[in-house]
Every structure is written in structure tokens, then in C-alpha cells.
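*Asks:* Can you keep this structure in mind? I'll have questions shortly.
The values are calculated or read from the model by the stated rules, or taken from the named source; none is laboratory data. If you're wondering where the values come from, they're calculated on a predicted model, not measured in any experiment. We place every Cβ from the backbone using ideal geometry, glycine too, and count neighbours over all the protein chains shown. In case anyone asks, the SASA skips ligands and DNA or RNA and just uses the protein heavy atoms, side chains included. Shrake-Rupley method; radii C 1.70, N 1.55, O 1.52, S 1.80 Å.
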Amino acid sequence: YVAIDQRGQFESVGPDDPAAYTVEGLAIELVEFVETLGDGPVHVVGHSFGGLVARAATIKAPAAFASLVLMDSGPAALSGPRVDGMRALEPVLELHGANALFDAILGQPPGTPDDELTAFLRRRFVTSSVIALRTMGEEITSEPDRVDELRASGVRVAVLTGEHDDTWPPEVQREMADRLGAPFLLVPGAIHSPAAERPAETARLLLDFWLGAPAP
């Protein structure tokens, strides 16, 4: 089992070039990393924006991937109120920094005590490259629909989402799964981070998929 930060995120440094943080740029890096493992095709889980990156990598180099799980990720760019909210918060990052933006995303006053999970998410967010955050925000609101390309790759895919995902609606992800001919795996009670919010249920669904058990 290997977990990675994309370049410019948390403990992975990155350059000041915005091109390094596009879906395409990060997909190239993911393919290169997978190939360094040297154990043949790998099972990959891509979460949210990371799902868009993992999808692009799978389309680029399908032989490198034994399977792909798209977790709380969508068929194309975000749209609707979520995008409006992101654009409204853009000045916060530029004027007040990542900590203030994180508070604004949560909708809480600065200085509000964090629980354990929120504290980790904050640390991960504020130590990321501002250039990376800005570029990924632009990418996630402009990504084209590549579902048909992914299906044509021939790689085994599953779509997993929290029951109450507030980023890509579960019904949008279910439709994507139908287009892919892929199982749709719903995590009860989870929102946008099932692995943190419902770890046992998420692990069971992932293992069942990898081991070939029928979807519930």
C-alpha cells in the first residue's frame, strides 16, 4: 500500500510553474511514479481532484493500471453553486492566505478550535503550494468530460462516493458509473471524504471490488 501527495501538496514540494499542477502535468507525474514501483500494473484510488488526475493517467498509460477507483470524483468539471462559491473565495486566498481560506471554506470564524480530522486537513491545506491550490482550482472548474475515453482504455473501474457528497452529487457519479459499465459503490453516512468519515465501510467496499466480490 502506497499513499502519495501530488506535487505541491502537503509534504511534497513543487515548482513555481503553474503547468506543473494541471491535470495533465500531474497525470504524467503519476504514471512516472507508478512505473518506479516496478511490480506491474497497480490498483489506484483517486479522490476528488485526484480522481481527475488518476483518470488522465489511466487514459495515458492503461497498461500501468490494474484498476481505478474514482472516489467522490466526477465525469467533468464542477458546476453550479459549488463553482460560484469557489470563485467568491478566490480573493481570500490572495489577500489573507491559506489559513483564512480554509476557515472560509468551512464557514467558521477564524480561531475556531479544530477537531482531530479538521486539524489534519488544515495542516495539509495550508502547507500546500499557493500556486498549486490556485491552478488546481482552475483545473477542477474546466476539466472536460473524458468518461468515454476512460471506458475505451479497458481498465477495470469502480465509482465510489459518500452518500451525501457535496462536491459532485451522487446521482451524477451514478450516471458516470452507468456510462463506464462500472459498479457504483455508495458509502452510507459519508460526505466527501469516505476514507476519513467511514473508514471501515470504505475499506470493505474497496476490498470487495479488488477481490472481485459482487457490488452490493
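*Asks:* Measure nothing fancy, just the Cα-based angle from helix 130-140's long axis to the longest principal axis of the chain, in degrees from 0 to 90, nearest 10.
*Replies:* Orientation of helix 130-140: about 50 degrees from the principal axis.
*Asks:* Another one. Can you bin region 104-216 into rounded, prolate or oblate? Criterion: square roots of the alpha carbon gyration tensor eigenvalues sorted a ≥ b ≥ c, rounded for a/c under 1.5, prolate for a/b above b/c, oblate for the rest.
*Replies:* Oblate is the answer for region 104-216, as a/c is 1.5 or above yet b/c matches or exceeds a/b.
*Asks:* Name the shape class, rounded, prolate or oblate, that the alpha-carbon gyration tensor gives for region 1-73, where a ≥ b ≥ c are the square roots of its eigenvalues, rounded holds for a/c under 1.5, and otherwise prolate holds if a/b is larger than b/c and oblate otherwise.
*Replies:* Note, shape of region 1-73 comes out prolate.
*Asks:* Which value at 222 nm does the chain reach when only helices count, each DSSP H run of 4 or more adding -39,500 (n - 2.57), with the total divided by all residues and rounded to the nearest 500 deg cm²/dmol? Each step should come with its number before you reach the end.
*Replies:* Numbers: 10 runs with 109 residues, N = 216.
Theoretical 222 nm ellipticity from helices: -15000 deg cm²/dmol.
*Asks:* Separate question: Report Ile4's accessible area, 1.4 Å probe, all protein chains in place, as a number in Å² to the nearest 10.
*Replies:* That residue has around 80 Å² of solvent-accessible surface.
*Asks:* Once you put a point 7 Å from the Cα of Thr112 and another 7 Å from the Cα of Ala88, both along the Cβ direction, what distance in nm separates them?
*Replies:* Rounded to a tenth, the inter-label distance reads 1.5 nm.
*Asks:* Calculate what fraction, in whole %, of the accessible area of the chain sits on carbon and sulfur atoms when a 1.4 Å probe is rolled over the protein chains.
*Replies:* 57 percent
*Asks:* Continuing with the same structure: Give me the distance between the Cα centres of region 1-68 and region 137-185, rounded to whole Å.
*Replies:* One Cα centre to the other: 17 Å.
*Asks:* Using amide H atoms built in the peptide plane, which far-off residues or other-chain residues are under 5 Å from Val69 H to H?
*Replies:* Val44, Val45, Gly46, Ala158
*Asks:* Another question about this same structure. For the Cα atoms of the chain, what angle does the longest principal axis make with the long axis of helix 23-37, in degrees from 0 to 90, nearest 10?
*Replies:* 60 degrees
*Asks:* So, taking all protein chains as they sit and a 1.4 Å probe, how much accessible area belongs to His47, in Å² rounded to tens?
*Replies:* Here the accessible area works out near 70 Å².
*Asks:* Heavy-atom accessible area per residue, the chain, 1.4 Å probe: how many Å²? Present the calculation step by step, with values, prior to reporting the outcome.
*Replies:* Values: 11000 Å² over 216 residues.
Accessible area per residue: 51 Å².
*Asks:* Okay, moving on. Please work out which option in (1) 18.5; (2) 19.2; (3) 17.9 gives Kirkwood radius over Cα pairs in Å calculated from these coordinates, and answer with its label.
*Replies:* (3)
*Asks:* Then there's this: Magnitude of the Cβ-charge dipole of region 69-155, K/R +1 and D/E -1, about the Cα centre, nearest 20 debye?
*Replies:* Approximately 140 debye in magnitude.
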